[in-house]
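Novice: Please see the structure below; I have some questions.
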Amino acid sequence: MNLQEALLSRRTVYRFEDREVPASVLEAAFEAARWAPCHKHTNPWRFYELGPQIREKLLPLTTSLAEQKAAGLPPAQLEKGVAKAIGKIRDVPVLVAVTSARSAEDAFREKEDYAATTSAIHNWVLSLWAEGVGAQWSTGKITRHEQTYEVLGIDPAQEELVGFLKAGYPAKVPSPPKKPLNEVWVQLD
Ligand SMILES: Cc1cc2nc3c(=O)[nH]c(=O)nc-3n(C[C@H](O)[C@H](O)[C@H](O)COP(=O)(O)O)c2cc1C
């Protein structure tokens with residue numbers, strides 16, 4: 001797959017096969033993330049790969065957030081919602097938390113660093129995609145919760161959690177709508 005093919009065929013993947021992603025494929029993706037563009041060479045991103053033990057520690061918060069979301073629903077639906085939320089943390093083949101460095105003294109630096117971190121994320125996603133592995137960037141409540149910082153041992157004054165990345169071999173590839181080219185590419189004489 002050449003780069004343009006990867007860019008045009010990539011889709012966010014939400015459902016994964018129960019199959020491991022080879023370590024070499026993952027390492028190549030983290031290596032791709034390392035080479036993202038970054039003003040001032042601050043390299044503000046950090047990717048925390050979450051193994052089974054740390055995921056287990058996230059499950060009480062996962063459960064309570066899912067219960068809050070499903071509050072008022074019939075018990076069977078609530079139970080289903082909680083089970084689904086737990087599965088999204090415990091059972092995805094690859095789970096990564098991404099942070100971007102904070103700059104308390106410099107709001108513009110922090111904004112540029114966030115932009116650089118999103119570039120690193122997309123490098124990671126595209127590197128996997130070129131190997132047949134799909135990914136989803138998630139910014140759900142758990143990815144920003146103060147307890148998540150505690151469980152992962154991240155100091156919120158130093159790093160901002162910008163989301164979780166889930167990855168694995170796709171069980172289904174969706175087809176989201178995209179804007180036509182003439183709405184994106186505006187030529188000013
Ligand atoms: C910053 C960001 C945050 C996202 N957060 C979520 C999320 O919390 N839950 C979710 O289901 N998808 C999330 N997505 C995936 C988007 O829904 C997806 O990119 C969008 O539907 C377009 O589809 P595509 O990625 O296949 O082009 C997020 C994407 C981005 C870029």
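Novice: Among THR63, GLY81, THR99, which residue has its Cα positioned farthest towards the positive end of the charge dipole of the stretch 56-153, with +1 placed on the Cβ of Lys and Arg, -1 on the Cβ of Asp and Glu, and the dipole taken about the Cα centre?
Specialist: Checked the options; the winner is GLY81.
Novice: Further, regarding this structure: So who's got an amide H within less than 5 Å of the one on PHE16, skipping anything under 5 residues away but keeping other chains? H placed 1.01 Å off N, in plane.
Specialist: ALA171
Novice: Quick one: if you stick a label point 7 Å off each Cα along the C-beta vector at LYS84 and MET1, how many nm between them?
Specialist: About 2.7 nm, to one decimal.
Novice: Could you tell me which of rounded, prolate or oblate describes the stretch 102-175, using a ≥ b ≥ c as the square roots of the eigenvalues of the alpha-carbon gyration tensor, with rounded for a/c under 1.5 and, failing that, prolate when a/b is larger than b/c and oblate otherwise?
Specialist: Taking the square roots of the gyration eigenvalues as a ≥ b ≥ c, the stretch 102-175 is oblate.
Novice: Kindly put TRP129, TRP185 in sequence by how many other C-beta atoms sit within 10 Å of each C-beta, fewest to most.
Specialist: Ordered from fewest to most neighbouring Cβ atoms within 10 Å, TRP129, TRP185 come out as TRP185, TRP129.
Novice: Now, a different point. Can you pull out the trypsin sites (Lys or Arg not before Pro) in the stretch 153-189 that DSSP calls coil and that have at most 11 other Cβ atoms within 10 Å?
Specialist: LYS178
Novice: Sorted by packing (mean other beta-carbon atoms within 10 Å per residue), highest first, where do 136-144, 150-158 land?
Specialist: 136-144, 150-158
Novice: Moving on to the next point. Using the membrane-span-like helix rule (whole DSSP H runs, Cα extent along the own axis of at least 27 Å, mean Kyte-Doolittle hydropathy at least -0.5), which helices of the chain qualify?
Specialist: 107-129
Novice: How would the stretch 1-51 be classified by its alpha-carbon gyration tensor: rounded, prolate or oblate, with rounded meaning a/c under 1.5 and the a/b versus b/c comparison settling the rest?
Specialist: Note, shape of the stretch 1-51 comes out oblate.
Novice: Could you give the semi-axes, largest first, of the ellipsoid that matches the stretch 3-184, computed as the square roots of 5 times the alpha carbon gyration tensor eigenvalues and rounded to whole Å?
Specialist: Sorted largest first and rounded, they come to 27, 23, 17 Å.
Novice: While we're on this one: What shape does the stretch 74-138 have by the C-alpha gyration tensor, where a ≥ b ≥ c are the square roots of the eigenvalues, rounded means a/c under 1.5, and otherwise prolate means a/b greater than b/c and oblate the rest?
Specialist: Because a/c hits 1.5 or more and a/b fails to exceed b/c, the stretch 74-138 counts as oblate.
Novice: Mind checking the dipole of the stretch 3-184: about its Cα centre, +1 per Lys or Arg Cβ, -1 per Asp or Glu Cβ, Debye to the nearest 20?
Specialist: 640 debye
Novice: Now, a different point. Which pairs, out of LYS84/LYS166; LYS80/LYS141; LYS111/LYS179; LYS141/LYS172; LYS69/LYS141; LYS57/LYS80, put more than 22 Å between their alpha-carbon atoms?
Specialist: In this structure, LYS111/LYS179; LYS141/LYS172 lie more than 22 Å apart at Cα.
Novice: Once you list every other residue whose beta carbon is under 10 Å from the beta carbon of ALA101, what net charge do they have if Lys and Arg are +1 and Asp and Glu are -1?
Specialist: Combined, the nearby Lys, Arg, Asp and Glu give -1.
Values in this text are rule-based calculations from the coordinates and carry no lab data. These numbers were taken from a predicted model, which means no experiment stands behind them. Using ideal geometry, Cβ is built from the backbone for each residue, glycine included, and neighbour counts are taken over all protein chains shown.
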